[in-house]
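Asker: The structure's right below; bear with me while I get my questions together.
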Amino acid sequence: MSENGRFSRRLVLKGAAGTMVLVGLAPVLAPGARAQEPVTLTVWDNWTRDVDDALIEQLDREFMDAHPGVTIDRIAKSFGDLKATAKLAMSSPDGPDLIQINQGMSDMGAMAQAGLLTDLGPYAERYGWLKKLPPSMVARNSLGDDGKQMGEGILYGMPLTAEFVGVYFNRQKLADLGIETPKTMAEFEAALDALLAAGEIPIAFGDLGQDPAIHTYGEIEGLYVDTKYLDDLVYGRPGATFDTPQNVEAAAKLQEWVDKGYFTPDFLGISTEDMAAMFQDGQGATMITGSWFSSMLSEGDPEQFGFFLFPPLEEGTNKPIVAGTSMAYAIRAGSPNPDLAAEYIDWLVSPRAVQGFADNGTVPLGVDADMATPGTLFADIVAAWNHINETDSAGHYLDWATPTFYDTLTASLTELLAGVITPEEFVAKNQADYGAYLAQKEASA
Amino acid sequence: MQIARKASARGGRPGERPWEGYLYILPGFLIYAVFVLLPIVQTARLSFFDWTGFTPAVFIGLGNYRALLDDDLFWIALRNNLTLIVFYTIIPIAFALMLTGLLTRRPIRGLNAFRAGLFVPQVMSMVVVGVVWKWIYAPKGPLNQILDGIGLEGLTRPWLGNFQTALPAIGAIGSWVSYPFAMVLFIAGVQRIDEDLYDAAKLDGANGFQQFMSITLPELRNEITIALVTLLITALRTFDLVFVTTRGGPANRTHVVALEIYRNAFTLSRTGYAAAIAVVLTVVTLIVSYAVITLRLRTVAEG
């Protein structure tokens, strides 16, 4: 009996509390007050590095201050986690308003085909985003009407920051041997020979993580092909092929570098993180990898390391550089607040945000040379990015070519590096993957 | 009255209510059904569809299974898993039997400390194990430094990056994390063996090794079978260790079936195809386990 009594008393209390909440809400729900109806903007992003995370949190606060009644509910996820959960979230009727998604057919392409993405074209026009996004970067965030052709059509994603591959170098080690920044491939190889003769490891390298090999290969391939070839290949245009003499030549060059001993000994057992740590520690005079390592390498003395773009065959010419953007912000089709979401994106590409990213050592798309301190690694990085844009020489991450190309390319590159297969066999293996994909794509079109 | 009815229900005598016993397992069964059986059925159903994970699923019958026959990567992965079975079963069980022989038949000072120390690999998280061994196997890691130090520099190599040693290197980690489980089972089993057997053997003049071979080993048959089946399943579903150390590299030399399922489901959005691989892995596991248990029952019948 007493049990029941206590139970009912609790119920009464609950009911009273509920009524009080309702009374409290009444003014908000009353007609006429609708303009101030609270809005929550849910955002999933990939800014997990502490300084970037803090910057976004700060930008969110400033956005909320400027928009009374708007709450930003932000969830930061690691790349893998975000990639794995984005599609389900985008297809959920009450999913996030904005998600940073990966470009490429298996992510952005699949979502566009399923009708989950909002056309950002009108917003890009309203806010002038196309002035901030170079044409090559617009292309890789755009898809045709049916979502099956990447490279042109509807803009579905707006990225904030740039990524590109180049050559980091240890200023002291190069200066000791009187090596200047190489302007041609021949000068670069001469520098590597000189470093080798002086007992240095010319290029810090590791293949256990498999990704550095793709970038090294991409840069060497860029010596022999142009951006049009890479566009056709990565966008899967009719007639595109991996089976070219240029790819055989690039593969042979990579093997030649292994044979000459340019890379860290036992590189097959060295992880990507160890590769960077070894280079930072002075084990290796150069390192060919992406701009995403610049903040880590600026942690100590920001002038200890420098950066130059992989030099072309002939001085003064331009070769394609492996380049892209970070994951792009996309608005979920069916989001109740697409306009507000677009305004949020515009805030993240505003001069205020650009300066913030530059201060963090991250390369924002609209970065200016004067945002970096002269003589630092970051100044070299910014100069390199501006050079890529001015000369329109952005190439591609080759692994975007087909959904399975990352696995095919990394596995065959490891075999190439280990000397298990010939350059011709390397090209044949990748063409088998690419040809099958293109045939299937054309059959379904 | 009450007691009598319950006793007879347990015996399942006709005319009584045999279903009453099932009520007791119902709560456990419901949880098992929702979290284990239902997902298995759903996975099996999914394996007949072409499904990206979020677009409408298209029924394609046995299409996924037909594609599997031509998928080189799947067969490479399955072969690697079968190789890993050696490292996950035979080696750790043999090692555990040896330790059991050493730790049970004679008094050793600090025995419990040894047992606890030897059990450590079992209680560590697989991710931690993977990270630690990745460091041990690194080109300039402890293993190569030791080889260097004792004049065996000819043997040093990037263990996880070398095409020949990568899979055995991962297998060795598997042996290291598997033996404690078998060891604990065996030590518990030995304590169950009748001391009279050993006394009789001693009277007949059997030495320690002979006692182990003629008494301990045969008496541990049941424990060995349990260890064999359990570790076999662990070998077939290996994922975390490979994911942390090599991700299947170099050039797929350590690719395993569970990694192939993960790759298809989460990287390539081929959810239906991933489900088909999972079904095949389940069937392979059932067949191999069934074979081991049948073989064991047959030897018991013959013995």
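Asker: Please give the residues of segment A:273-300, grouped as numeric ranges, whose backbone N is less than 11 Å from a label point set 7 Å along the Cα-to-Cβ vector of A:D176.
Answerer: A:282-285
Asker: Let me know the shape class of chain B, please: from the alpha-carbon gyration tensor, a ≥ b ≥ c as square roots of the eigenvalues, rounded when a/c is under 1.5, otherwise prolate if a/b is greater than b/c, or oblate. Walk me through the numbers on the way to the answer.
Answerer: Numbers: a/c = 2.25, a/b = 1.05, b/c = 2.15.
Verdict is oblate for chain B.
Asker: Something else now. Taking H placed 1.01 Å from N in the peptide plane, check which residues at least 5 places from A:G284 or on another chain put their amide H under 5 Å from its amide H.
Answerer: Result for A:G284 returns A:I201.
Asker: Relative to the Cα centre, what is the charge dipole magnitude of the protein assembly as shown, using +1 at the beta carbon of each Lys and Arg, -1 at the beta carbon of each Asp and Glu, and rounding to the nearest 20 debye?
Answerer: Values: 53 positive and 81 negative charges, 920 e Å.
Once rounded to the nearest 20, the dipole reads 4420 debye.
Asker: Using the beta-carbon distance between B:L147 and B:L82 and R0 = 35 Å, what value does 1/(1 + (r/R0)^6) give for FRET efficiency, to the nearest 0.05?
Answerer: 0.75
Asker: Springs between alpha-carbon pairs under 10 angstrom, Gaussian network model over chain A: which of A:G80, A:G324, A:G236 fluctuates most?
Answerer: Maximum fluctuation in the GNM of chain A, among the listed residues, is at A:G80.
Asker: Which FRET efficiency, nearest 0.05, do A:D359 and B:F163 yield, Cβ-Cβ r, R0 41 Å? Kindly include the intermediate steps, with their values, before the conclusion.
Answerer: Details: r = 45 Å, r/R0 = 1.11.
E between A:D359 and B:F163, to the nearest 0.05, is 0.35.
Asker: What FRET efficiency would be calculated for the residue pair A:R352, A:Q304, taking the C-beta separation as r and a Förster radius of 30 Å, to the nearest 0.05? If you can, show how the numbers build up before the last one.
Answerer: Details: r = 30 Å, r/R0 = 1.01.
That gives a FRET efficiency of 0.50.
Asker: Using modelled amide H (1.01 Å from N, peptide plane; none on Pro or chain starts), what sits under 5 Å from the amide H of A:L117, excluding residues fewer than 5 places away?
Answerer: For A:L117, the qualifying residues are A:A333.
Asker: Separate question: When the Karplus curve 6.51 cos²θ - 1.76 cosθ + 1.60 is applied with θ = phi - 60°, which whole-Hz ³J(HN,Hα) does each residue of segment A:75-89 get, with x for Gly and Pro?
Answerer: 10, 8, 10, 5, 3, x, 5, 5, 4, 6, 9, 4, 5, 4, 5
Asker: Amide H neighbours of A:I72 under 5 Å, at least 5 residues apart or on other chains, H built in the peptide plane: list them.
Answerer: So A:I72 has HN proximity to A:L41.
Asker: Also: Which loop-located trypsin sites (Lys or Arg not before Pro) does segment B:150-224 contain, where loop means any DSSP state but H, G, I, E or B and the Cβ has at most 11 other Cβ atoms within 10 Å?
Answerer: Details: sites: B:R192, B:K202, B:R221; in loops: none.
Those that pass, being in a loop and sparsely packed, number zero.
Asker: Here's something else I'd like to know. Restricting everything to alpha-carbon atoms, can you work out Rg to Rh for segment A:376-445 with a Kirkwood hydrodynamic radius?
Answerer: Numbers: Rg = 16.9 Å, Rh = 14.6 Å.
My calculation of the ratio gives 1.16.
Asker: Then there is this: For the residue pair A:D145 and A:R237, what label-to-label distance in nm results when each label sits 7 Å from Cα along the Cα-to-beta-carbon direction?
Answerer: 2.0
Asker: Spin-label point model (7 Å from Cα, Cβ direction): what's the A:E37 to A:L313 distance in nm?
Answerer: Spacing of the two 7 Å Cα→Cβ label points: 6.3 nm.
Asker: Test of understanding: what is the full-extension gain from A:R49 to A:D259, defined as 0.36 nm times their sequence separation minus their Cα-Cα distance? Write out the running numbers ahead of the final one.
Answerer: On the way: separation 210, 0.36 × 210 = 75.60 nm, distance 3.77 nm.
The span from A:R49 to A:D259 would gain 71.8 nm if fully extended.
Asker: May I pose another question? I want the antiparallel fraction of DSSP beta bridges within chain A, as a percent rounded to 5. Write down the numbers at each step before the final one.
Answerer: Numbers: 22 of 34 bridges.
Among the beta bridges of chain A, antiparallel pairing accounts for roughly 65 percent.
Asker: Shifting gears a bit: Taking segment B:72-136, which trypsin sites (Lys or Arg not before Pro) meet the DSSP loop condition and have no more than 11 other C-beta atoms within 10 Å? Before the final figure, lay out each step's value.
Answerer: Working: sites: B:R79, B:R105, B:R109, B:R115, B:K134; in loops: B:R105, B:R109.
Those satisfying the criteria are B:R109.
Asker: For segment B:188-303, take the convex hull of the Cα atoms, compute a quarter of its surface area, and give me that in nm², please.
Answerer: Dividing the Cα hull surface by four gives the mean projection, 10.6 nm².
Asker: Mind checking the angle between helix A:245-260 and chain A's longest principal axis? C-alpha axes, 0 to 90 degrees, to the nearest 10.
Answerer: 70
Asker: Roughly what % antiparallel, to the nearest 5, for the DSSP beta bridges in the protein assembly as shown?
Answerer: Numbers: 24 of 36 bridges.
So the antiparallel bridges amount to about 65 percent of the total.
Asker: Can you tell me the dipole magnitude for segment A:155-303 around its Cα centre, using point charges on the Cβ only (Lys, Arg +1; Asp, Glu -1), in Debye to the nearest 20? Numbers along the way, then the final one.
Answerer: Working: 7 positive and 25 negative charges, 55 e Å.
Approximately 260 debye in magnitude.
Asker: Which whole number gives the average count of other chain Cβ atoms within 10 Å of the Cβ atoms across peptide A:402-410?
Answerer: Working: counts 0, 4, 6, 0, 3, 9, 2, 0, 6.
What the average comes to for A:402-410 is 3.
Asker: Ratio of chain A's C-alpha Rg to 2.2 N^0.38 Å, to two decimals? List each step's numbers first, then the result.
Answerer: Working: Rg = 25.5 Å, N = 445, 2.2 N^0.38 = 22.3 Å.
Relative to the rule-of-thumb radius for its length, chain A sits at 1.14.
Asker: Can you pull out the GluC sites (Glu not before Pro) in segment A:201-300 whose DSSP state is coil and whose Cβ has at most 16 other Cβ atoms within 10 Å?
Answerer: Values: sites: A:E219, A:E221, A:E249, A:E256, A:E273, A:E299; in loops: A:E299.
Qualifying residues, ordered by number: A:E299.
Asker: For chain A, find the longest principal axis of its Cα atoms and tell me its angle to the long axis of helix A:405-417, 0 to 90°, nearest 10.
Answerer: Approximately 30 degrees, to the nearest ten.
Asker: Follow-up question, since we're still on this one. Would you please report the Å³ per residue occupied by the convex hull of the alpha carbon atoms in segment A:325-374? Let's see the in-between values first.
Answerer: Working: hull volume 3.9 nm³, N = 50.
Looking at segment A:325-374, the number lands at 78 Å³ per residue.
Asker: Give me the dipole magnitude in Debye, nearest 20, for chain B about the Cα centre, with unit charges on the beta carbon: positive for Lys and Arg, negative for Asp and Glu. Could you put the intermediate results ahead of the total?
Answerer: Values: 25 positive and 18 negative charges, 94 e Å.
For this selection, approximately 460 debye.
Asker: Right, next: Under a point spin-label approximation (7 Å from Cα along Cα-to-Cβ), what is the B:L217-A:S78 distance to one decimal in nm?
Answerer: Computed distance between label sites B:L217 and A:S78 equals 4.6 nm.
Asker: Just tell me how shielded A:78-87 is by partners: mean number of partner chain Cβ atoms within 10 Å of each residue's Cβ, no decimals. Before the final figure, lay out each step's value.
Answerer: Working: counts 0, 0, 2, 0, 0, 2, 6, 1, 1, 6.
Per-residue shielding by partner chains comes out at 2.
Asker: Excluding A:L377 itself, calculate the net charge of residues whose Cβ lies under 12 Å from the Cβ of A:L377, where each Lys or Arg counts +1 and each Asp or Glu counts -1. Could the numbers behind the result be given before it?
Answerer: Numbers: positive: A:R171; negative: A:E299, A:D301, A:E303, A:D380.
Result for the local shell: -3.
Asker: Another question about this same structure. Report, please, the projected area of the protein assembly as shown averaged over directions, based on the convex hull of its C-alpha atoms, in nm². Write out the running numbers ahead of the final one.
Answerer: Details: hull surface 190.6 nm².
Computing the convex hull of the Cα atoms and averaging its projections yields 47.7 nm².
Asker: Per Stokes-Einstein, at 4 °C and 1.567 mPa s, what whole-number D in µm² s⁻¹ belongs to segment B:9-111, with the Kirkwood radius over Cα pairs as the hydrodynamic radius?
Answerer: Answer from the Stokes-Einstein relation: 65 µm²/s.
Read the figures in this text as sums done on the coordinates, not as results from a lab. It should be emphasised that the depicted structure is a prediction, and the values quoted were computed from it without experimental measurement. Counting neighbours? That spans all protein chains shown, and the Cβs are built from the backbone with ideal geometry, glycine included.
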